[in-house]
1. Out of the residues in segment 4-60 that are exposed (fewer than 14 other Cβ atoms within 10 Å of the Cβ) and of a type in the set (A, V, I, L, M), state the one that is nearest to residue 71 (Cα to Cα).
2. Can you pull out the residues in segment 57-76 that are within 14 Å of residue 22 (Cα to Cα) and of a type outside the set (Ser, Thr, Tyr)?
3. What pairs can you find where one residue is in segment 1-27 and within 12 Å of residue 50 (Cα to Cα), the other is of a type in the set (Gly, Ala, Ser), and their Cβ atoms are less than 8 Å apart, with a gap of 6+ or different chains?
4. Tally the residues that are within 12 Å of the chain's Cα centre (by Cα) and among the acidic types (Asp, Glu), restricting the search to segment 1-51.
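FYI, it's all coordinate maths here, none of it is from the lab. Owing to the predicted nature of the structure, the values given are computational and were not obtained by experimental measurement. Counting neighbours? That spans all protein chains shown, and the Cβs are built from the backbone with ideal geometry, glycine included.
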Amino acid sequence: MTNEEFVKVSKALSDATRVEILQIISKYGTICACKILERLHISQGTLSHHMRVLSDLKLVSVEKEGKWCNYSLMRGTSAKSHISSRASAPKKQSTLIRAAVNS
C-alpha cells in the first residue's frame, strides 16, 4: 500500500458511519442499500456519499438491482478480514486503520 493509498483509507475509516457501514456489510455479506438505511437511520443521500467513498477506495463492490444497489465487501481488500472479525463488536477506528495497513 502506498502512502497516498494509506492516507485515503485512513480518512475513509476515520468516519464512524463508514466503519459501521462496513461492519453491517461484513455481517450480512451482501446487503441492499435500503437495509443499511434502516439500520443507520441516515438519509439516502448521506448513504450514497459514504458508499461512493468506500467504492472509490475499492473497499466495497456494488451491484445495481432496479433502483436499489446491493453492496458487499470487495474481494481481496486488505481490510476485509479485519472488518469481518470485528463486525459483531465495534472497535476503535484506529484499530481498524492499523489492521487495514498491516495486512
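1. For segment 4-60, the residue satisfying everything is 16.
2. Residues of segment 57-76 within 14 Å of residue 22 (Cα to Cα): 57-62, 70-75.
Those that are within 14 Å of residue 22 (Cα to Cα) and of a type outside the set (Ser, Thr, Tyr): 57, 58, 59, 60, 62, 70, 73, 74, 75.
3. If the second residue must be of a type in the set (Gly, Ala, Ser), the pairs left are 13/79; 13/100; 18/12; 22/79.
4. Number satisfying all stated conditions: 2.
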